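For reference, the structure is listed below as structure tokens.
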Amino acid sequence: MVKHTRVWLVATVILKVSLLVLAMCLFASSNSWAQPSPNTNVAPLIKKLTDDDFRIRHDAAEAVVKIGSQAVPALIEALHNDDRQVRWRAASALGQIGAEAAPAVPELIARLQDEDEYVRRISVYALGEIGAEAAPAVPQLIEALQDKDRNLRVISAYALGKIGSEASPAVPYLIRRIP
């Protein structure tokens, strides 16, 4: 009886160790299984950004951000949507993606002329979240420091700070804004 128990115990230990080694090999070999496929279709998610249900809008926005840089082209296209909610949610998602959204900088700069103040604000915020890669926006952000919209001025100062040393031409304008 003792002999069978020992054999069973040894077999169980060997099985557990084997499974552990297999699991470690699978996790160490690649995490490509966890990445979205390059063919991920973002269009349905972009459409859901205008859904009446807040949870659906929220979940769609989170999903787009998780896709990351692969979603940037679709988000750039969404910046031209007629619906202002789609435009500001696209800008917000680009900001959450961060530096990987650098290809969107020219389009975000263009959104600084958007008719909707919220789209303008979120676009400025997104430029700041992109960081140093948004340096081409510095002249427009300096201009935004003079805007009549106080919130836009504050967010512009924030964005210039996030861009870093590339935004040094803005320093005199920022100093003038100190009360």
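In table form, for the structure just shown:
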read-out	value
Qualifying positions in segment 45-68 - free of Cβ contacts under 8 Å to residues at least 40 places away in the same chain and either of a type in the set (D, E, K, R) or not in a helix (DSSP H, G or I) (or both)	K47, K48, T50, D51, D52, D53, R55, R57, D59, E62, K66
Every residue from segment 57-101 that is at pLDDT below 95 and among the polar types (S, T, N, Q)	S69, Q70, N81, Q85
Identity of the residue in segment 144-179, part of a helix (DSSP H, G or I) and in contact with a Phe, Trp or Tyr (Cβ under 8 Å, 6 or more places away or on another chain), that ends up surrounded by the fewest Cβ atoms within 10 Å (Cβ to Cβ)	Y158
Number of the exception - N39 against (1) farther than 30 Å from R120 by Cα; (2) at pLDDT 60 or above	(2)
Selection count where residues are surrounded by fewer than 17 Cβ atoms within 10 Å (Cβ to Cβ) and under 13 Å from P44 (Cα atoms), scope segment 58-73	1
All positions within segment 74-107 that are buried (at least 19 other Cβ atoms within 10 Å of the Cβ) and outside any helix (DSSP H, G or I)	L79
Condition check for D116: of a type in the set (D, E) and closer than 14 Å to A90 by Cβ	yes
Single residue of V124, V138 found to be surrounded by 24 or more Cβ atoms within 10 Å (Cβ to Cβ), assigned to a helix (DSSP H, G or I) and touching a residue at least 12 places away in the same chain (Cβ under 8 Å)	V124
Subset of segment 69-100 [acidic (D, E) and either in contact (Cβ under 8 Å) with a residue 60 or more places away in the chain or within 17 Å of E117 (Cα to Cα) (or both)]	D82, D83
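The values are calculated or read from the model by the stated rules, or taken from the named source; none is laboratory data. Note that the structure is predicted; figures quoted are calculated from it, not measured. Ideal geometry is used to build each Cβ from the backbone, glycine not excepted, and the neighbour counts take in all protein chains shown.
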